[in-house]
Every structure is written in C-alpha cells, then in structure tokens.
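Enquirer: After the structure tokens below, expect a handful of questions from me.
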Amino acid sequence: MRDYSSDYKSTLSAVSATEAPLVLLEIYHSSLTEPVRVVNDNIDLTSNGDLFIACEFRCILPDDYESQLPKAQLAVDNVGRDLMYWIETSNGGKGSTVRFMQVMRSRPDVVEWEITMNLYNVNCTMQEITADLGFDNLFSKPAIRVQYRPDNSNGIF
C-alpha cells in the first residue's frame, strides 16, 4: 500500500480536478555527466532543486501483477540529434536506468510515487524512439557462484 498525500488522493478521485499529476523522468547512464531530466508537460518544472525540461513523452507506467515482473514502455518523438547521438555512442543506452516520479505542479517537491527501472530494447525510427523498461529477473539466476557438478568436479562424484 502506497502512502499518498490526501491532496493527491483527492485529485486522483476527482471527476474534474483542478490539476493532474505530472510524470518526471530521469535517465542515468555512466556516459552522462548529469542525468537527463524531463517533465511530461509543456512548461519546465523545478522539483527538489533539479530543473526538469518540458518534453512530451508517452509512457505506459509499470503494471502490478502478482505473477510477473513489472514492465513499462517509453516513447519520445525523435526530434533532436543529441538523443540519437547518445543512443548511438552508448550502444543503445545499455546500462541505463530510468526513474519515473509523479508530482503535482502545486507541490513539485513532494514525490507521490516513484520507480527506477532498467532500460532495454531501444528502437529508433524517423518519427520516434521507443524503449522497454523493466527489472532483471533475479529468480532465473543461480544463487551461488560455483556449483559442484560431475562435469566440473568429477573427483567428488
């Protein structure tokens, strides 16, 4: 159960709210000197001392199904060379993490919801750049580094 503020809860349940939650996006990668920060709006926003540049993007926020890992999708219009240059030089953004946050414009320093996910499967067309977001499936990885099996430790068997 998430602990939302009462103002956020009333905004989400209102039929015609005075404002809507904004989605903030931060992209982290070792080749970036500081994270890319954008807000899904047409006006810049400062939240917790960081400036988020207005840039409309489409995102499907992570689902919350019990039997699977959360997945999300991100799409941004392919409008600038800077983003394409970064994608090309970073091998498709390999090793990047993306942090989503939801805030209200009236209280931008109160983060109501956030999640950080890994960036995968970046695809670029002339019109848009899309990416899948998710987590490493730790349940499919071995729990120990060295396993003793007949093929690598035949003296034990």
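Enquirer: Of the labelled options (i) 1.12; (ii) 1.43; (iii) 1.33, which one gives Cα Rg over 2.2 N^0.38 Å as computed for this structure?
Expert: Recomputing Cα Rg over 2.2 N^0.38 Å here picks out (iii).
Enquirer: Among the chymotrypsin sites (Phe, Trp or Tyr not before Pro) within region 29-113, which fall in a DSSP loop and have no more than 11 other Cβ atoms within 10 Å of their own Cβ?
Expert: Values: sites: PHE52, PHE57, TYR65, TYR85, TRP86, PHE100, TRP113; in loops: TYR65.
Of the chymotrypsin sites (Phe, Trp or Tyr not before Pro), the ones in loops of region 29-113 whose Cβ has at most 11 other Cβ atoms within 10 Å are TYR65.
Enquirer: If you don't mind, there's one more thing I want to ask. Between ASN91 and SER13, with labels modelled 7 Å along Cα→Cβ, what's the label distance in nm to one decimal, could you check?
Expert: Distance between the two pseudo-spin positions: 4.9 nm.
Enquirer: State the extension gain, in nm to one decimal, for the chain segment bounded by THR130 and ASN78, taking 0.36 nm per residue of separation less the distance between their alpha-carbons.
Expert: Working: separation 52, 0.36 × 52 = 18.72 nm, distance 0.94 nm.
Between THR130 and ASN78, full extension yields 17.8 nm more.
Enquirer: Please go through region 61-132 and write out the GluC sites (Glu not before Pro) that DSSP classes as loop and that have at most 16 other C-beta atoms within 10 Å. List each step's numbers first, then the result.
Expert: Values: sites: GLU66, GLU88, GLU112, GLU114, GLU128; in loops: GLU66, GLU112.
Passing sites in region 61-132 are GLU66.
Enquirer: May I pose another question? Between region 1-63 and region 96-157, how far is it from one alpha carbon centroid to the other, in angstrom?
Expert: 20 Å
Enquirer: How much length is gained if the chain between ILE115 and SER30 is pulled fully straight, taking 0.36 nm per residue apart and subtracting their Cα-Cα distance, in nm to one decimal? Don't skip to the answer; put the middle values down first.
Expert: Working: separation 85, 0.36 × 85 = 30.60 nm, distance 1.93 nm.
Here the answer is 28.7 nm.
Enquirer: May I ask for log10 I(q)/I(0) of region 76-134 at q = 0.20, 0.23, 0.24, 0.28 Å⁻¹, from a Debye sum over the Cα atoms as equal point scatterers with solvent left out?
Expert: For region 76-134 at q = 0.20, 0.23, 0.24, 0.28 Å⁻¹, log10 I(q)/I(0) is -0.82, -0.92, -0.95, -1.08.
Readers should treat all values here as calculations from the given coordinates under stated rules, not as data from a laboratory. If you're wondering where the values come from, they're calculated on a predicted model, not measured in any experiment. Every residue, glycine as well, gets a Cβ built from its backbone with ideal geometry; the counts of neighbours run over all protein chains shown.
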